[in-house]
Structures are given as C-alpha cells and as structure tokens.
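Here, each number is a calculation from the coordinates, and none is a lab measurement. All values reported here derive from a predicted model rather than from experimental measurement. Reconstructed Cβ throughout: ideal geometry from the backbone, glycine too, with neighbour counts over all protein chains shown.
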Ligand SMILES: [Zn+2]
C-alpha cells in the first residue's frame, strides 16, 4: 500500500448491465478541496454505450476491515449509500437474506433501496420457478410482502456488511443509526 495520490486509477471492471457488450471501468480519483477535506470521486463508464454514473465519497468514510451495521427504520434511511466490495458479505438478518462474497455481477454499488430491489427480483424469480402447490410458496410470499413494506419504509430492519479486507462502506443518511466494529487481524487468523 502506498499513501501517494493516485489519480484516475481503474479500480474495477465489469460487464455493462445496460448494453451487455461493453465493459464498465470504474475510475477513482482523489480531489483536495480548499477547506482541507478530501473527496474520492468514482466514475463509472461503459466503453460502448453511454452508460455512466458518478459518485462522490468523503474520504472520512471508514474503509477499514470491519462489520458495518445500519438500522433502517424509515424511508429516508433507504437512501443511505452502500458499496459491497467483492469480499464483503451483506446480510439482512430480519429477512434471512444474504449476499455471499463474490467478485462477479453482484457488484453492489447502490443504496439500501437498490439492494431491496435486487433481493425482490431474485426472490420473485425463485418463486416463479416453484410448483404452484409447493409448501414453500406461502413463506416466499410473506418474504416478498415484507420486502415491499421495507421498500416503503414500513418494515424496520438491519443491514450488515462484513468485510475482512476493507473497501466496503455504508454512508448513512442518519449517522446515529450506523455502527462500525473493527475486525482485528487476530480475528481473521
Ligand atoms: Zn454499455
């Protein structure tokens, strides 16, 4: 690791979800602001279509290895930004939903609402593949119902990211609902 400023470095590439042909590169640059703060700018750009997205992250954001926990109790909390790095595990314990670590398409750079939306699509696909008389159906319908309530801000839940390397982060809308527990090196061995 180096402390040097590295500008416009490509930090991650993945297949474009929009045109499904191009590659999206994520460029990272660091800007020093006049008031002494530093910002990390992430630029997402497809090399074929016009898919692009920018985001600005204050560098005070914690990117250490650890367990990040966010309580979601209202609609405003759904706007909290989430980035799950490929080694991060993401969980919503109240709904028994887990995204295991993995480097591929489940690149979760989104907000809480976006995560709920992805879970809902995945669960709906799962439900459609079940037989009509499958005993699991009622359980799945209850889960979809709770996901819908969660998307409306009417279901309180917890979002937990466990990242053993650091790189995942949560930027809460309301800081008092966020906690971070550092993972010590000895815990990983
Ligand atoms: Zn594209």
Averaged over all directions, how much area does the convex hull of the C-alpha atoms of region 140-179 cover when projected, in nm²? 4.0
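Let me check I have the definition right: for region 119-188, take the eigenvalues of the Cα gyration tensor, multiply each by 5, take square roots. What are those semi-axes in whole Å, largest first? Working shown, then result.
Values: eigenvalues 214, 62, 19 Å².
Over the Cα atoms of region 119-188, the semi-axes work out to 33, 18, 10 Å.
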Quick one: if you stick a label point 7 Å off each Cα along the C-beta vector at residue 129 and residue 158, how many nm between them? 3.0
Based on DSSP H runs of at least 4 residues, each adding -39500 (n - 2.57), what is the mean residue ellipticity at 222 nm of the chain after dividing by all its residues, to the nearest 500 deg cm²/dmol? -6000 deg cm²/dmol
Would you mind pulling out the separation of the Cα centroids of region 68-86 and region 105-159, in Å? 16
Protection proxy ranking, peptides 12-21, 149-158, average beta carbon neighbours within 10 Å, highest first: 149-158, 12-21
Cα-based helix-to-principal-axis angle, 112-128 vs the chain, degrees rounded to 10: 40
What Rg and what Dmax come out for region 46-105 when only alpha-carbon atoms are used, in angstroms? 14.5, 40
Debye calculation, C-alpha points only, no solvent: report log10 I(q)/I(0) for the chain at q = 0.10, 0.12, 0.15, 0.16 Å⁻¹, in the same order as the q values. -0.48, -0.68, -1.02, -1.14
Nearest-ten-degree value, helix 137-151 long axis tilted from longest Cα axis of the chain: 40
